[in-house]
Amino acid sequence: NREAYMSRENEAWMSAGDKTETPFMRRLLDSQLSKELTETLTLDNLYEERLGYRLFGEAFVTNKYGANVAQTGRTTDYYQADEQWWQAAKENGWCISDPAFDTSAQIRAIGIAVRIDDEDNRFLGVLKAILNLEDVVAYLQEEEAAVRYETARFELITRDGKVIHSTKTKWRFGDNDDELLAHLPKDANSCHLTVAGDAPGTTGHLLALAVSRGCHGRTSSGWTLAVECDLHEVFAPVAQLRTRILTTSLVVAVLAALVGVLVSTIITRRLAKLAAATVEIAQGNLDAHIDVTSKDETGVLAGAFREMLSRLKEVREKAEQSEQALRNAKDYTDNIIRSEEHTSELQSH
């Protein structure tokens, strides 16, 4: 009676104390397959020396009826066919259980169960290994150290919102983080960004969510990794760039104003000199000096004034010469008239 046998052995197994090892347990632990499993997991010592923790807590194999046939350490029970993970592994070929504290291995872990078939694809049993979550946590801690934001906070939760790892002090392993779960859209299947405020009037924080999508056609575990940063730190480079732009714009505006005032002053002085020279010219002083020698528009204008003065001087000199010629002609005519008048007077006498 196979069912009765397994039920009897399972009750005896579970009724034994945690530190009690029955002869039946010892026979399983001393089996050849158990020794091969143990030798395989001794490689874990290499990881333990390097990382400081066991990579795998334990491993065990059941037969096709769900009874243990080999194991690296004592499990909590003998009969596994009534476990959901065993049934899922038999049906689907594999199963990854949700994170939990494994009482037999005394570690926070996830169970990885794999269906075992023979050469003809006939079901033989299930192999289950307990993977220490410290490996996942250590990876996250390395990622946390690489992030340049001081306010960055990491959190890994299951599909039900149970905390696997969190840098927030208020959350512990196994707690329900309904707040984070509420920010996750129901249809999110990869990544999602959202901005949430802690309270009215606060700056809030940026929340990046990455949802597990499965691998090689396998169903997703539904885990969600959340990275949270305060908005003021995330947008600090933008604020710095804005400050630099405003400062640069202000400096440029001040320099432009100074240059404008300087140019305006220079042009005003040159125009004042031209205006003064124009007044002197208007008063008849064609020898007025125009002290503007720049090469800009005012210089061109001053050159035109100087050219005009030069031509005015030429015209005045010609006018003076004509006037002198007229005076000479008048004097000559007057002399002739006087000479003729004197001659007429002499003849009359």
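Assorted remarks:
- Residues in the range 13-43 that are open to solvent by 40 Å² or more (accessible area, probe 1.4 Å) and in contact (Cβ under 8 Å) with a residue 60 or more places away in the chain: 1 in all.
- Exclusive hit being at pLDDT 85 or above, more than 30 Å from residue 37 (Cβ to Cβ), surrounded by 11 or more Cβ atoms within 10 Å (Cβ to Cβ) and more than 25 Å from the chain's Cα centre (by Cα), set 117, 175: 175
- Some residue of the range 202-224 being under 27 Å from residue 54 (Cβ atoms), part of a loop (DSSP other than H, G, I, E, B), among the β-branched types (Val, Ile, Thr) and modelled with pLDDT of 80 or more: no
- Residue in the range 42-61 that is in a helix (DSSP H, G or I) and over 18 Å from residue 131 (Cβ atoms) present: yes
- Close pairs from the range 152-175: first free of Cβ contacts under 8 Å to residues at least 40 places away in the same chain and on the phi > 0 side of the Ramachandran plot, partner surrounded by fewer than 19 Cβ atoms within 10 Å (Cβ to Cβ) and not in a loop (DSSP other than H, G, I, E, B), Cβ under 7 Å, at least 6 apart: 161/176; 161/178; 161/181
- Qualifying positions in the range 120-149 - surrounded by fewer than 17 Cβ atoms within 10 Å (Cβ to Cβ) and in a loop (DSSP other than H, G, I, E, B): 120, 121, 122, 147, 148, 149
- Selection within the range 78-91 - open to solvent by 20 Å² or more (accessible area, probe 1.4 Å) and either modelled with pLDDT under 90 or in contact with a Lys or Arg (Cβ under 8 Å, 6 or more places away or on another chain) (or both): 85, 90
- The set of residues in the range 84-119 being of a type outside the set (Val, Ile, Thr) and assigned to a strand (DSSP E or B) consists of 94, 95, 100, 101, 102, 108, 109, 111, 113, 115, 117.
- Residues in the range 207-240 that are closer than 29 Å to residue 161 by Cβ, loosely packed, with under 12 Cβ neighbours inside 10 Å and out of contact with any Ser or Thr (no Cβ under 8 Å at 6 or more places or on another chain): 215, 216, 217.
- None of 243, 248, 268 is open to solvent by 60 Å² or more (accessible area, probe 1.4 Å), closer than 30 Å to residue 207 by Cα and among the hydroxyl-bearing types (Ser, Thr, Tyr) except 243.
- Lone qualifier among 309, 262 - being over 30 Å from residue 169 (Cα atoms) and surrounded by 11 or more Cβ atoms within 10 Å (Cβ to Cβ): 309
- Contacts under 9 angstrom Cβ, first residue in the range 44-73 being basic (Lys, Arg), partner at pLDDT 95 or above and open to solvent by less than 40 Å² (accessible area, probe 1.4 Å), 6 or more apart: 64/123; 64/125; 64/126
The values are calculated or read from the model by the stated rules, or taken from the named source; none is laboratory data. Quantities reported herein were computed from a predicted structural model and do not represent experimental measurements. Don't worry about glycine lacking a Cβ; one is built from the backbone with ideal geometry, like all the others, and counts go over all protein chains shown. Each accessible area value is taken on the protein alone, full model and side chains, heavy atoms only, with ligands, DNA and RNA left out. Shrake-Rupley method; radii C 1.70, N 1.55, O 1.52, S 1.80 Å.
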